[in-house]
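Comments concern the structure below.
The values are calculated or read from the model by the stated rules, or taken from the named source; none is laboratory data. The structure displayed is predicted, hence computed values, not measured ones. Backbone-built Cβ (ideal geometry, glycine too); neighbour counts: all protein chains shown.
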Amino acid sequence: MTLISKAAITLIISVMSLFVFHKPPAPTPADKVVHYEYGVDAVSVPVIPTTTATTQPDAPKTLCEQVFDTAKAIGWPADQLGMVVAIAQRESRCTDAFNPNDPNGGSYGIMQINGFWCQPSRYWPNGYLQAYGLLTKCTDLYDRETNLRSALAIYRYSNGWRAWGK
């Protein structure tokens with residue numbers, strides 16, 4: 001074996017030993033940050049690690065955190081969950097609001113779905129959302145899960161956020 005071959009093998013073994021025998025440092029809380037994209041602006045929300053040996057009860061989730069969890073559970077695309085929360089925050093502050101001033105029959109619930117989607121029309125005699133079995137009357141949109149399922153159906157029908165002006 002030549003001197004160069006021995007040096008190369010020694011170098012490779014030395015570099016490999018750095019990774020094998022020295023574990024990388026554990027992540028710090030500063031490393032654990034989740035980024036939610038809200039339109040153009042990005043908002044960073046720190047992820048608080050949970051431990052199993054805690055003596056304090058978990059803090060109750062905010063309304064918008066509940067919206068996020070529900071939207072995720074019913075099947076909203078993962079890359080749209082941040083936008084769902086942003087729109088819910090903008091439209092209703094994540095509450096079951098009603099806007100009677102909307103000229104399309106009012107706006108209902110968390111995502112402020114226009115009454116247009118749940119009222120009879122010439123194309124949908126019982127209403128678009130009723131035709132898909134998502135609800136029976138517009139006031140069903142005050143239920144968080146029903147509202148988010150209906151919003152998902154409208155999102156898919158509109159090929160995106162057009163129904164919300166995005």
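Laid out as a table, the results:
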read-out: Filtered residues of region 60-94 (kept if without any contact (Cβ under 8 Å) to a residue 40 or more places away in the chain, among the hydroxyl-bearing types (Ser, Thr, Tyr) and surrounded by 15 or more Cβ atoms within 10 Å (Cβ to Cβ)); value: Ser92
read-out: Residue count for region 145-162, restricted to those that are loosely packed, with under 13 Cβ neighbours inside 10 Å, among the charged types (D, E, K, R) and either closer than 16 Å to Met83 by Cα or modelled with pLDDT under 90 (or both); value: 2
read-out: Test: residue in region 132-144 that is part of a loop (DSSP other than H, G, I, E, B), among the β-branched types (Val, Ile, Thr) and modelled with pLDDT of 90 or more; value: yes
read-out: Qualifying residue in region 60-69 (condition: out of contact with any Leu (no Cβ under 7 Å at 6 or more places or on another chain), basic (Lys, Arg) and at pLDDT 55 or above); value: yes
read-out: Residues (aromatic (Phe, Trp, Tyr) and either surrounded by fewer than 19 Cβ atoms within 10 Å (Cβ to Cβ) or farther than 25 Å from Phe68 by Cβ (or both)) located in region 98-138; value: Phe98, Phe116, Tyr123, Trp124, Tyr128, Tyr132
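Here is a yes/no grid of residues against (1) out of contact with any helix residue (DSSP H, G or I) (no Cβ under 7 Å at 6 or more places or on another chain); (2) farther than 15 Å from Ala153 by Cα:
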| residue | (1), (2) |
| --- | --- |
| Ala71 | no, no |
| Ile74 | no, no |
| Asp79 | yes, yes |
| Ile87 | no, yes |
| Ser92 | yes, yes |
| Pro103 | yes, yes |
| Asn114 | yes, no |
| Cys118 | no, no |
| Tyr123 | yes, yes |
